[in-house]
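Novice: The structure under discussion is supplied below as structure tokens; questions concerning it will follow.
The values are calculated or read from the model by the stated rules, or taken from the named source; none is laboratory data. A quick note: this is a predicted structure, and the numbers were derived from the prediction, not measured. Cβ placement follows ideal geometry from the backbone for every residue including glycine, while neighbour counts extend to all protein chains displayed. Note: areas computed on protein heavy atoms with side chains; ligands, DNA, RNA excluded. Shrake-Rupley method; radii C 1.70, N 1.55, O 1.52, S 1.80 Å.
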Amino acid sequence: MIDGSLDSEGQWKSFEAQVSGHFKDVDGIDLKDIDLKDMFARHLKLHRHKRYASIKKLNAKIPRLKWSTRSNYRDCGVFAMLHMESYMGEAPSKWDCRLVAESKEQFDMLRRLRFKFATKMLLHELNVHREKMLDEAKEFDKLDSEVKMEIIVQARMNRKQREEKNEEELEAN
């Protein structure tokens, strides 16, 4: 995909097929029925990693972090990226990713991080749509501030509708 042998549509189809293949309910198998730790250990063994056996024996622990949330189910990707960016192997009690406890301040920090991570991905040199994103950002910047605000408000309304629809679908299942 990165070598340019596929056009944009071909890349999307390939990517979507790969992701869907990993997350669809295939022949009655559900992700909750898969031992991901075992799969990871097998992957390590396949690549001759010396600690594959010890990984298989580990018990997973969910650390209590001072920035944990109770009601934020939306920013798991932001938390994952922040954790990958800031974790250096220290004990959870000594780990500081510069995020405060759940509060209005944390909400604002997460909003800025969402913007930061999205910008990095959209403008990364490997993003085949990078130039298109830059062009659209430049065009958006030329718009009158009232038009910009209308676009933003409409986008937020669309997102809210999608989220409500997703919640209804989850409740129905």
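Novice: Would region 64-83 turn up any residue that is of a type in the set (D, E, K, R), free of Cβ contacts under 8 Å to residues at least 60 places away in the same chain and within 30 Å of ASP7 (Cα to Cα)?
Specialist: The answer is no, given that none of the residues of region 64-83 is of a type in the set (D, E, K, R), free of Cβ contacts under 8 Å to residues at least 60 places away in the same chain and within 30 Å of ASP7 (Cα to Cα).
Novice: Just to check your reading of the model, which residue among LEU6, LEU44 is outside any helix (DSSP H, G or I), surrounded by 10 or more Cβ atoms within 10 Å (Cβ to Cβ) and either modelled with pLDDT under 85 or more than 21 Å from the chain's Cα centre (by Cα) (or both)?
Specialist: Going through LEU6, LEU44 in turn, just one is outside any helix (DSSP H, G or I), surrounded by 10 or more Cβ atoms within 10 Å (Cβ to Cβ) and either modelled with pLDDT under 85 or more than 21 Å from the chain's Cα centre (by Cα) (or both): LEU6.
Residue-wise test of (1) within 18 Å of LEU113 (Cα to Cα); (2) among the acidic types (Asp, Glu); (3) in contact with a Gly (Cβ under 9 Å, 6 or more places away or on another chain); (4) not in a loop (DSSP other than H, G, I, E, B).
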site: ALA60; (1), (2), (3), (4): no, no, no, no
site: PRO63; (1), (2), (3), (4): no, no, no, no
site: PHE79; (1), (2), (3), (4): yes, no, no, yes
site: GLU90; (1), (2), (3), (4): no, yes, no, no
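Novice: Residues of region 123-161 being surrounded by fewer than 10 Cβ atoms within 10 Å (Cβ to Cβ), within 22 Å of the chain's Cα centre (by Cα) and not aliphatic (A, V, I, L, M), which ones?
Specialist: Once the filter is applied, which keeps residues that are surrounded by fewer than 10 Cβ atoms within 10 Å (Cβ to Cβ), within 22 Å of the chain's Cα centre (by Cα) and not aliphatic (A, V, I, L, M), region 123-161 yields only GLU125.
Novice: Within region 103-119, can you find the residues that are more than 16 Å from PHE79 (Cβ to Cβ) and open to solvent by 100 Å² or more (accessible area, probe 1.4 Å)?
Specialist: The answer is LYS104, and nothing else.
Novice: I'm trying to understand the selection: among the residues of region 120-135, which are in a helix (DSSP H, G or I) and within 27 Å of CYS76 (Cβ to Cβ)?
Specialist: Within region 120-135, LYS120, MET121, LEU122, ARG130, MET133 qualify.
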